[in-house]
Amino acid sequence: MRSTSCTPRVRGVEQGSLVGTHPDLEPLLGGAGPTVEDAQRARILDAISRVVAEKGYAAATVADVVRAARVSRGTFYGLFAAKEQCFLEAYAHGTDVLLARVREGARAGADSTDWRGALRGGMTAYLGTLAHEPQFARTYLLEIHAAGPAAQIARDGVLRRFATEYQRAFRLARKLDPSLRALTADELFVVSAGLDQLICARVHAEGVERLPGHTESFVRTAAALMEGAASTDPASRRA
């Protein structure tokens, strides 16, 4: 059964998606593909992200996707074994774009005297992207939970990639305060997954478009979680 714990408000399917802005796909959607199959694959990946945003993963069908992508059913199955494979590939492309924007924001916000600068810059980019891309927000925050065990593995992998970004920001905190210990991979994963769930709850309560207004609250929460964990167990070996 599809979870309804976090449902971004989406006003139907529009042309284009965050998935379609991936550097491997955007030129193909513009007709610059080296082969017809490459262009068709790009259109299908863009289409499934839009269709799932409108209908939900469980209700979306291959027929819906091929109609939106303007390809045949045979073309779809020539490129993908099933809807799940197609959806997970689109999810991977979308999260690549999201992560790249977070990294860019973190670099722009970096401040040698305040480690929260990079954290704030990354969070601003993260929340801003979700707010301006409600279709992808639904896919990323909600529909991934409806796509089966492989999707849960994919989501965990994405959360660990974002945990690495929290780790990057926290390195400066440890330079500024040597008493803080290095956080373990599992501790960073808890920060990443916890913030993801908190963001999901905010979306459920208020809608995705209001996420940027909570930037400072989320930054304080992430900082408190990391600083609190790093202040415990002083006997731990400092990396």
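List of remarks:
- Reported count of residues in the stretch 52-100, each being under 15 Å from TYR140 (Cβ atoms) and hydrophobic (A, V, I, L, M, F, W, C), is 10.
- Identity of the residue in the stretch 183-205, touching a residue at least 60 places away in the same chain (Cβ under 8 Å) and either crowded, with 16+ Cβ neighbours inside 10 Å or of a type in the set (Asp, Glu) (or both), that ends up nearest to GLY122 (Cα to Cα): ILE199
- GLU209 being under 27 Å from LYS55 (Cα atoms), among the charged types (D, E, K, R) and outside the structural domain of ALA53 (by TED's automatic domain parsing): yes
- When ALA125 is tested against (1) crowded, with 20+ Cβ neighbours inside 10 Å; (2) over 21 Å from PHE189 (Cα atoms); (3) under 17 Å from the mean Cα position of the chain (by Cα), only condition (2) is not met.
Per-residue answers, yes or no, for (1) at pLDDT below 80; (2) on the phi > 0 side of the Ramachandran plot; (3) within 20 Å of the chain's Cα centre (by Cα):
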| position | (1), (2), (3) |
| --- | --- |
| PRO27 | yes, no, no |
| VAL36 | no, no, no |
| VAL51 | no, no, yes |
| GLU54 | no, no, yes |
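- When each of PHE136, PHE218, PHE170, PHE162 is tested for being surrounded by 14 or more Cβ atoms within 10 Å (Cβ to Cβ) and touching a Gly at 6+ places or on another chain (Cβ under 8 Å), the lone residue that passes is PHE136.
The values are calculated or read from the model by the stated rules, or taken from the named source; none is laboratory data. What you see is a predicted model, and the numbers here were worked out from it, not measured in a lab. As a convention, Cβ positions derive from the backbone with ideal geometry for all residues, glycine included, and neighbour counts pool all protein chains shown.
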